[in-house]
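Presented below is the structure to which this report refers.
The values are calculated or read from the model by the stated rules, or taken from the named source; none is laboratory data. These figures come from a predicted structure and were not determined experimentally. Positions of Cβ are backbone-derived with ideal geometry, glycine not excepted, and every protein chain shown enters the neighbour counts.
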Amino acid sequence: MLLHHQFILTARKYGAKPAFIDTSAGKTVSYSRALIATLILARRFGRYEEGFMGIMLPTSAGCGLAVVASLMSGRTPVMINYSTGAARNAEYARRRCAFRTIITSRVFIEKINCPVMEGMVFLEDIMESISIAERLKYAIASRMPASLLLSLVSGQKEDDNAVILFTSGSEKDPKAVQLTHRNISANIQSFSSLAKILPEDSILANLPFFHVFGLTVNLWTPIFNGMTVISHANPLDYRRICEIVREHRPTIMVGTPSFLYGYIRKSEPGDFASCRLVVCGADKCPDQLRQEFRDKHGITLYEGYGTTETSPVISVNIPDHNRPGSVGRVLPGVEVRIEDYETGRDCAPGDVGRILVKGDLVMKGYYGDLEETSMRIRYGWYDTGDMGYLDSDGYLWHAGRLKRFVKIGGEMVSLVKVENILEMFLPEDVTCCIVEIPDPVKGAKIIAAVTAPIDERKVLKQMAEHLPNIALPRQFLVMEELPKMGSGKIDFRGVTELVRRQVH
C-alpha cells in the first residue's frame, strides 16, 4: 500500500476524529481537515521541480501534513536534520540528492537561528495565500469517493521511494537511505500486529520526523491505524511533555534512553498512567532506566531494536513476550541471521556474531552510493554493522556496534559491555561513554568519559570483579555534557574526538 493512499483511506474512514493534537501550536486537526490541507498543499507543491523535496520542520501537524502532501504531489520528501546544524545539513542534503526546494517555516528557522536559504518555501506564506474559494473547492473534493480521490493524487509504485533519511553520522558522514512505500508499510503492519496496536490507541509524538524512529513510529504508524498523534516540537521539554501525557493521556509512548531519562526524572506519580506501552529504542536501554520506570510509575519499559536502513523496527519486547536486557523477538515476516565474524557461518544460539536482516523492511539502498549499498546488502541480507546473538528462545540480544568492538592484546573487547558495567557503579545522575584511542603497545587503549568526577579507584575495583584487566578503562575524563545527536543518541564520534584532543 502506498503511504499517502493509506492516509486518504484512513482520513475518509475516521473523518471528525483528531488526527493531530499539536500541543506546540495549540490546535487540533481532524482527519477530515488534514485531508483537505494535504490536497491543497499537494497542489501547491506540484508547482515546484519534480523529484526530491526537502522538508525541514519540527515535530508537528504541519510537518506531518507536508510529508503526506509531498508524496501526494509525486515528490519524495528528503528529511533534513535541523538539530545539528540546519544550514549545513540542508546544503549537505542538497548536494547528495540534487534538489532545490525546502519546505520549512519562517518562525521555525528564526527560532533555530538558520539563515534564509535560496529555494526555501515557507508554510506560513502558503497558508496565507489560500483563498476561501480554494478551501471550499478542496473541501468538496475531499468528499469524493475514495477511489476517485486516489486517482487524483500521485500513483507511484510500492517500490518507489517514500522518503530519503540520513543516517545519524555518529561514526562517519551521513548516508542517504532510500526507504520505499513497501519498506515502511510492511514494517508498520508487522509490529502493529505484534503489539496489538488499535485505532483506539493514541501516541505521544515527541521524536523528530527526520529520524526514522520518529517518522515511522510517531507519524506513519498512527496514520496507518487511524490513531491520534499527540505531537510536541521539542523532545527536550521534559516537564512540559510530562504535563502533556497527563493531560492528553496517550496510550503509547516511545523514546530514546536520553529523552526517557529526562521524562522520568521530571515526572510526578500518575503522569504516565494512561500508557499501556512504553518502548525504548535507538540506543541500549540501561537497567537503571527500566528500574526507575518500575519504581516511580509501576510501568514496564520495553526495549526494541532497529536501524534507519530497516524502516526501522527489527525486534521488540512486548507485554506477552518480554525478556529485559534483550531487544525482543524478531518481527513476523522478518529474518535475522547471526553470522560468525571470521568464518561467515551461522552462529549457534548464544554465540555473538554480526546481525544480518532480510525482509520487506530492508531499504532499497543508499542513494547515489552503489559501492556502500553492495557492501551492506549481500544476497538480500542487510548487514546492520551490529553484533549480537539469538538465545535458544528466539530473543535477540544486542552486543554493540562492530565498530565498538576493539582488539586489545589479541582479545576482542566490547566497549558497550564496558559501558554497561561502568554504569552499574556510577552515581544516579552521572552518564558515561567508553571510547578507544590508539596505543603503541597494545594497539588500543580504553578511555571512559564521565559527566562528573567519581572515585576512580573504587569504581575500577568494582569493575574488575566483572571484567578482565584488559577491558578496564585506563583513564577517566570528565566532560560536563556528552555530545548527542538530534535523536538523543550519544555522538560517539564527537566524544572520541574530544577525548583524543584531551589525551594527546
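With respect to the conditions (1) among the aromatic types (F, W, Y); (2) in a strand (DSSP E or B); (3) over 23 Å from A186 (Cβ atoms), F293 falls short on a single one, namely (2).
Check region 123-143 and report whether any residue there is at pLDDT 95 or above, surrounded by 13 or more Cβ atoms within 10 Å (Cβ to Cβ) and assigned to a strand (DSSP E or B). No, region 123-143 has no match at all.
Consider region 55-106 and keep the residues that are part of a loop (DSSP other than H, G, I, E, B) and among the basic types (K, R). The one that is nearest to V153 (Cα to Cα) is R75. Given the criterion hydroxyl-bearing (S, T, Y), surrounded by 13 or more Cβ atoms within 10 Å (Cβ to Cβ) and part of a strand (DSSP E or B), identify the matching residue among Y389, Y341. When all the criteria are applied, what remains is Y389. Checking K296, K284 one by one, the residue that is more than 23 Å from S192 (Cβ to Cβ) and out of contact with any Ser or Thr (no Cβ under 8 Å at 6 or more places or on another chain) is K284 and no other.
Conditions (1) among the small types (G, A, S); (2) crowded, with 22+ Cβ neighbours inside 10 Å, marked per residue:
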site: P286; (1), (2): no, no
site: Q291; (1), (2): no, no
site: V316; (1), (2): no, yes
site: H321; (1), (2): no, no
site: V327; (1), (2): no, yes
site: R345; (1), (2): no, no
site: G350; (1), (2): yes, no
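Considering only residues in region 377-399 that are touching an Asp or Glu at 6+ places or on another chain (Cβ under 7 Å) and of a type outside the set (A, V, I, L, M, F, W, C), the one that is farthest from R323 (Cα to Cα) turns out to be Y382. What are the pairs with Cβ atoms under 6 angstrom where one residue, in region 449-472, is in contact (Cβ under 8 Å) with a residue 24 or more places away in the chain and the other, located anywhere, is surrounded by fewer than 19 Cβ atoms within 10 Å (Cβ to Cβ) and small (G, A, S)? Sequence gap at least six, or different chains. Taking only residues 6 or more apart or on different chains, the pairs are I470/G409. Just one of (1) touching a Cys at 6+ places or on another chain (Cβ under 8 Å); (2) among the hydroxyl-bearing types (S, T, Y); (3) over 25 Å from A11 (Cβ atoms) trips up Y238, so point out which. Single failed check for Y238: (1). Within the bounds of region 247-259, is there any residue that is at pLDDT 95 or above, surrounded by fewer than 19 Cβ atoms within 10 Å (Cβ to Cβ) and not in a loop (DSSP other than H, G, I, E, B)? Yes, because at least one residue in region 247-259 is at pLDDT 95 or above, surrounded by fewer than 19 Cβ atoms within 10 Å (Cβ to Cβ) and not in a loop (DSSP other than H, G, I, E, B). Among the residues of region 482-502, is there at least one that is in contact with a helix residue (DSSP H, G or I) (Cβ under 6 Å, 6 or more places away or on another chain), farther than 30 Å from P208 by Cβ and not in a helix (DSSP H, G or I)? Within region 482-502, not a single residue is in contact with a helix residue (DSSP H, G or I) (Cβ under 6 Å, 6 or more places away or on another chain), farther than 30 Å from P208 by Cβ and not in a helix (DSSP H, G or I). When each of V316, V254, V327, V278 is tested for being within 25 Å of L165 (Cα to Cα) and in contact with a Lys or Arg (Cβ under 8 Å, 6 or more places away or on another chain), the lone residue that passes is V316. The set of residues from region 344-386 being small (G, A, S), more than 18 Å from S311 (Cα to Cα) and in a strand (DSSP E or B) comprises just one member, G353.
Residue count for region 417-460, restricted to those that are part of a loop (DSSP other than H, G, I, E, B), within 28 Å of K266 (Cα to Cα) and not polar (S, T, N, Q): 11.
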